[in-house]
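Beneath this line is the structure, given in structure tokens, with notes to follow.
The values are calculated or read from the model by the stated rules, or taken from the named source; none is laboratory data. This structure is a prediction, so every number in the text was calculated from the model and none was measured. Using ideal geometry, Cβ is built from the backbone for each residue, glycine included, and neighbour counts are taken over all protein chains shown.
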Amino acid sequence: MRRLRLVSVVLTGALAASVGVAPPAAALDLGLGMLLPVLAPMLPGQQGWVSAMWTTDGDVCDIRITASGGSVGVDYPTNTDTYTSLYINSALADGNLDYSAFRFDIPDNALLAQLLTVKVSWRQMKSNSFKRTDDLRTKVFTCAGTARSDTALVTIPVSLALGAGVTQKTTALSVARGTPGWIKIAYAGTRPGMNNFRVALTPPANLTVTYPNGAGSAGLNANSALLVGTEDFAAVYLDASKLNAGTYKVPVTATYSGGSLTGSLTLTVT
């Protein structure tokens, strides 16, 4: 398997050791190249978009990139569907930079760096088909040239989450006595399995708490689960009209499949 050429970047021994892979050898042939075959780190169970930066020797067009490997799920932007290309255009001028985007789904049980096979194809255009200053968003051109392709191994480092798998991000809020309304309590997740996530308050006397749809607790806004590497919030309606002005510590409990988190909210009533 050939390796995608490294351009102006050296994978140091320390970085290679941290992800458990040896640095790939550089190829000298002209064409499209990935700047660094180590992508942004992700958490076990995390789903999200990751970018890879590319450059080229010579003008290229009709760039199509796919990735696959092991148990990692891969999705692409909706406008290309079965592959990804570059952000500005599916073409790139000699010496310029642009990035591709992949949506990865890391297995819940991943403990080590994930290796993916990245395949890229393009057409090598005639020299000086583009100027480096051309805006390829608007430039009209004919994509023609020699069909070329390359394949590489690319690494996604996996970072293991330490400590609690969920963090309460909202710990203090202010409300007006005469203006009942909704507040948002945000949480961040770092581990998989935070399903059926619910939030409930234990209010002091004279603070009225109401949950959506008359339920006994509030779910999250975006999903029923708190996804790895994301933040989401639960909305709670507060009526503090019968409270005196002051500061109150309100216990907050988040429950989810297999666990719970007890926190608090410092509520200032004005």
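The figures follow:
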quantity	calculated
Any chance Phe233 is surrounded by fewer than 18 Cβ atoms within 10 Å (Cβ to Cβ), under 30 Å from Ala110 (Cβ atoms), modelled with pLDDT of 95 or more and out of contact with any Asp or Glu (no Cβ under 6 Å at 6 or more places or on another chain)	yes
Any hit, region 91-103, residues being free of Cβ contacts under 8 Å to residues at least 40 places away in the same chain, buried (at least 16 other Cβ atoms within 10 Å of the Cβ) and farther than 30 Å from Asn244 by Cβ	yes
Residue satisfying all of: in region 192-230; surrounded by 20 or more Cβ atoms within 10 Å (Cβ to Cβ) and β-branched (Val, Ile, Thr); farthest from Leu162 (Cα to Cα) among these	Val199
Residue within region 121-144 that is touching a Leu at 6+ places or on another chain (Cβ under 7 Å) and closer than 30 Å to Asp108 by Cβ present	no
From the options Gly181, Gly163, Gly189, residue that is exposed (fewer than 13 other Cβ atoms within 10 Å of the Cβ), out of contact with any Cys (no Cβ under 9 Å at 6 or more places or on another chain) and under 18 Å from Pro44 (Cβ atoms)	Gly163
Which listed residue, of Ala235, Ala218, Ala240, is farther than 15 Å from Pro180 by Cβ and not hydroxyl-bearing (Ser, Thr, Tyr)	Ala218
Members of region 166-177 found to be surrounded by fewer than 16 Cβ atoms within 10 Å (Cβ to Cβ) and not in a strand (DSSP E or B), listed by number	Lys169, Thr171, Ala176, Arg177
Pick from region 236-261, criterion within 27 Å of the chain's Cα centre (by Cα) and surrounded by fewer than 15 Cβ atoms within 10 Å (Cβ to Cβ), ranking: farthest from Tyr211 (Cα to Cα)	Gly258
Residue within region 128-135 that is at pLDDT 95 or above, out of contact with any His (no Cβ under 8 Å at 6 or more places or on another chain) and assigned to a strand (DSSP E or B) present	no
Total residues in region 219-270, condition in a strand (DSSP E or B) and in contact (Cβ under 8 Å) with a residue 24 or more places away in the chain	27
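Every residue, every condition in (1) under 28 Å from Thr190 (Cβ atoms); (2) among the small types (Gly, Ala, Ser), yes or no:
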{"site": "Leu86", "(1), (2)": "no, no"}
{"site": "Ser90", "(1), (2)": "no, yes"}
{"site": "Asp98", "(1), (2)": "no, no"}
{"site": "Phe104", "(1), (2)": "yes, no"}
{"site": "Asp108", "(1), (2)": "yes, no"}
{"site": "Gln114", "(1), (2)": "yes, no"}
{"site": "Val118", "(1), (2)": "yes, no"}
{"site": "Ser127", "(1), (2)": "no, yes"}
